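K.L.:
What follows is a structure written as structure tokens; I'll ask about it next.
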Amino acid sequence: MPRSIILDTDPSPDDAVAILVALASPEELEVLAVTTVAGNVPLSLTSKNARKALELAKRTETPVHAGASAPLIRKLVTAEHVHGRTGFDGYELPEPSMPLAAGFAPEVIVDLVMRGGRGEVTLCCLAPLTNIALALAKEPRLAGQLKEIVLMGGAFSEGGNITPAAEFNIFVDPEAAVRVLECGAPVTMIPLDCTHQALTTSTRLERLRAIGTPVAEAFYHLLKFNKIFDEQKYGWEGGPLHDATVIAYLLAPDIFSGRRVNVTVECASSLTLGMTVVDWWAVTERAANVLFLREIDADRYFDLVIERLGRL
Ligand SMILES: [Ca+2]
């Protein structure tokens with residue numbers, strides 16, 4: 001039986017890779033819905049980019065529901081400086097013709113999770129956690145019904161990518177992140193400590209391009225565009241392929257290693273807003289609430305991603 005998942009996302013190319021790798025893995029994963037949120041770019045563009053990716057892969061039967069256009073209480077912060085004005089700069093994809101599906105994403109998440117059996121649905125969170133926090137607020141039984149929440153977000157020893165202390169997804173909506181981490185459902189967190197080991201080197205991108213399909217060609221160019229910014233910023237060869245780690249974890253958890261720890265999020269300090277405070281050495285009495293992954297086998301990760309994208 002494939003595992004039922006909902007993909008909550010703010011598509012830039014790494015989100016889109018995650019969506020398509022999931023759709024290319026029907027033996028392991030059943031994608032119930034894609035839900036969009038404001039993040040990398042405003043909601044109208046994340047909702048459009050999700051549909052562009054699905055149309056590129058000819059998977060338009062997957063519904064896309066739009067959700068929150070702004071964080072719970074804060075002003076939206078976006079990341080056009082990384083992904084370009086559209087969030088999908090670097091390769092021209094046609095305007096999507098598939099419509100958005102009816103229903104506000106947080107309500108759709110509640111409906112799909114509560115309709116399924118207890119412990120059936122996994123939330124794959126690739127974006128600021130606003131939609132998930134709204135769903136948890138709407139249905140208090142939601143957390144107890146979930147199988148797991150797997151999210152890309154946070155950082156420990158790697159430091160931040162949007163401020164010195166904070167990773168982007170958590171920084172954009174720290175109050176939502178707190179609610180998700182404290183909800184009581186099993187949470188697995190894939191932080192920058194992992195994703196900064198998973199780089200789109202030229203060799204890996206050329207392997208992707210060599211598949212020779214429209215999907216491979218598009219993502220070769222999209223990831224290459226992102227890589228230019230990241231290479232200048234970090235001085236590395238390649239940029240991190242962040243969000244597809246969430247799907248890779250579901251497909252092959254042994255690619256990753258980590259430990260169960262307490263993670264809390266700073267919501268008050270202007271200096272460290274959105275910082276994930278990771279009690280790696282258990283120096284507090286705070287109970288472990290997160291499986292925090294710190295290591296990834298990057299070669300196996302890219303082998304998996306490239307093989308799955310090649311199926312589309
Ligand atoms: Ca994302």
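The values are calculated or read from the model by the stated rules, or taken from the named source; none is laboratory data. As the structure is a computational prediction, the values presented were derived from the model and not from experiment. We place every Cβ from the backbone using ideal geometry, glycine too, and count neighbours over all the protein chains shown. Side chains included, ligands, DNA and RNA excluded: accessible areas come from the protein's heavy atoms. Shrake-Rupley method; radii C 1.70, N 1.55, O 1.52, S 1.80 Å.
K.L.:
For region 47-204, with the dipole built from +1 on Lys and Arg beta-carbon atoms and -1 on Asp and Glu ones, taken about the Cα centre, which of 176, 126, 100 lies farthest toward the positive end?
P.N.:
Farthest towards the positive pole: 100.
K.L.:
Also: Run a plain Debye calculation on region 67-209 (Cα atoms as equal point scatterers, no solvent) and give log10 I(q)/I(0) at q = 0.08, 0.15, 0.16 Å⁻¹, rounded to two decimals, same order as the q list.
P.N.:
One equal scatterer on each Cα of region 67-209 leads to -0.27, -0.92, -1.02.
K.L.:
What is the distance, in nm, between label points placed 7 Å from the Cα along the Cα-to-Cβ direction at residue 101 and at residue 299?
P.N.:
Distance between the two pseudo-spin positions: 3.9 nm.
K.L.:
Still on this structure, I have one more. What relative contact order, as a whole-number percentage, does region 1-108 give when Cα pairs under 8 Å and 6 or more residues apart are counted? Present the calculation step by step, with values, prior to reporting the outcome.
P.N.:
Details: 195 pairs, mean separation 31.3, N = 108.
It rounds to 29 percent for region 1-108.
K.L.:
Leaving out ligands and nucleic acids, and using a 1.4 Å probe, what accessible area per residue does region 20-169 come to in Å²? Show your work: numbers first, answer last.
P.N.:
On the way: 5860 Å² over 150 residues.
Spelled out: the 1.4 Å probe surface of region 20-169, per residue, equals 39 Å².
K.L.:
I want to check a number: in region 43-165, how many lysine pairs have alpha carbons closer than 28 Å, given a sequence separation of 8 or more or different chains? Walk me through the intermediate numbers first.
P.N.:
On the way: 48/58; 48/75; 48/138; 52/75; 75/138; 138/147.
Final tally of qualifying lysine pairs is 6.
K.L.:
Right, next: Do you know the relative contact order of the chain, to the nearest whole percent, from alpha carbon pairs under 8 angstrom that are 6+ apart?
P.N.:
On the way: 708 pairs, mean separation 60.8, N = 312.
For the chain, the relative contact order is 20 percent.
K.L.:
Run the paramagnetic zone check for residue 86: 7 angstrom along Cα to Cβ, then residues of region 223-242 with backbone nitrogen under 17 Å.
P.N.:
Under cut-off, by backbone N: 223-227.
K.L.:
OK, next. Pop out the ³J(HN,Hα) list for region 170-180 in order, Karplus 6.51 cos²θ - 1.76 cosθ + 1.60 with θ = phi - 60°, rounded to Hz; leave Gly and Pro as x.
P.N.:
Once θ is set to phi - 60°, the couplings for region 170-180 become 6, 4, 4, 9, x, 5, 5, 4, 4, 4, 5 Hz.
K.L.:
Oh, and also: Could you derive backbone 3J(HN,Hα) for region 126-132 from the dihedral phi with the Karplus parameters 6.51, -1.76 and 1.60 (θ = phi - 60°), listing whole Hz in sequence and x where the residue is Gly or Pro?
P.N.:
Karplus-based 3J(HN,Hα) across region 126-132 equals 10, 7, x, 8, 4, 4, 5 Hz.
K.L.:
For region 251-312, which whole percent of the accessible surface, found with a 1.4 angstrom probe, sits on carbon and sulfur atoms? Write down the numbers at each step before the final one.
P.N.:
On the way: 1700 of 3200 Å².
Reported share for carbon and sulfur atoms: 53 percent.
K.L.:
Given a 1.4 angstrom probe, I'd like the percentage of the accessible area of region 27-184 that is carbon and sulfur, rounded to a whole number.
P.N.:
On the way: 3130 of 6240 Å².
So the carbon and sulfur contribution to the accessible surface is 50 percent.
K.L.:
What fraction, in whole percent, of alpha-carbon pairs in region 18-120 exceed 18 Å separation? Don't skip to the end; give the middle numbers.
P.N.:
On the way: 2823 of 5253 pairs.
For region 18-120, the fraction of Cα-Cα distances above 18 Å is 54 percent.
K.L.:
For a quick check: with amide H placed at 1.01 Å from N, whose amide H comes under 5 Å from residue 4's, ignoring anything fewer than 5 positions away on the same chain?
P.N.:
Placed amide hydrogens put 30, 122 under 5 Å from residue 4.
K.L.:
7 Å from Cα along Cα→Cβ at both residue 207 and residue 270: what's the point-to-point distance in nm?
P.N.:
Reported label-point gap for residue 207 and residue 270 is 4.7 nm.
K.L.:
Considering only DSSP states other than H, G, I, E and B, which GluC sites (Glu not before Pro) in region 1-94 qualify as loop sites with at most 12 other Cβ atoms within 10 Å?
P.N.:
On the way: sites: 27, 28, 30, 55, 61, 80, 92; in loops: 27, 28, 61, 92.
Counting only loop positions with at most 12 other Cβ atoms within 10 Å, the GluC sites (Glu not before Pro) in region 1-94 are 27, 61, 92.
K.L.:
Please go through region 176-238 and write out the chymotrypsin sites (Phe, Trp or Tyr not before Pro) that DSSP classes as loop and that have at most 13 other C-beta atoms within 10 Å.
P.N.:
Numbers: sites: 219, 220, 225, 229, 234, 236; in loops: 236.
Answer by residue number: there is no such site.
K.L.:
Then there is this: Per residue, how much accessible area does region 245-288 have with a 1.4 Å probe, in Å²? Can you show the working numbers first?
P.N.:
Numbers: 2310 Å² over 44 residues.
Per-residue accessible area for region 245-288 comes out at 52 Å².
K.L.:
Here's something else I'd like to know. Find out how many positive minus negative residues lie around residue 173, taking Lys and Arg as positive, Asp and Glu as negative, among other residues whose Cβ is under 10 Å from that of residue 173. Show your work: numbers first, answer last.
P.N.:
Details: positive: 74, 179; negative: 175.
In short, +1.
K.L.:
Given all pairs of different Cα atoms, what value in angstroms does the Kirkwood hydrodynamic radius of the chain take? Don't skip to the end; give the middle numbers.
P.N.:
Working: mean 1/r = 0.0527 Å⁻¹.
So the Kirkwood estimate lands at 19.0 Å.
K.L.:
Towards the positive end of the charge dipole of the chain, with charges on Cβ (+1 Lys, Arg; -1 Asp, Glu), say which of 29, 289, 142 has the farthest Cα.
P.N.:
About the Cα centre, the residue reaching furthest to the positive side is 142.
K.L.:
Among 47, 234, 9, flag the residue with its Cα farthest along the positive direction of the charge dipole of the chain, charges on Cβ as +1 for Lys/Arg and -1 for Asp/Glu.
P.N.:
In the chain, that residue is 47.
K.L.:
Can you work out ³J(HN,Hα) from phi for every residue in region 272-288, in order, using Karplus 6.51 cos²θ - 1.76 cosθ + 1.60 and θ = phi - 60°, giving whole Hz and x for Gly and Pro?
P.N.:
Going residue by residue, I get 10, 3, x, 6, 8, 8, 9, 8, 4, 9, 6, 8, 10, 8, 5, 5, 4 Hz, with x marking Gly and Pro.
K.L.:
Can you give me the long-range amide H partners of residue 290? Hydrogens built in the peptide plane at 1.01 Å from N, cutoff under 5 Å, separation of 5 or more residues or another chain.
P.N.:
When sequence neighbours closer than 5 places are left aside, the close amide H contacts are 261, 263.
K.L.:
Dipole of the chain, Cα-centred, from +1 at each Lys and Arg C-beta and -1 at each Asp and Glu C-beta, to the nearest 20 debye?
P.N.:
380 debye
K.L.:
Let me ask something else about it. According to a simple spin-label model (label point 7 Å from Cα along Cα-to-Cβ), what is the distance in nm between residue 114 and residue 217?
P.N.:
Simple spin-label model gives 4.7 nm for this pair.
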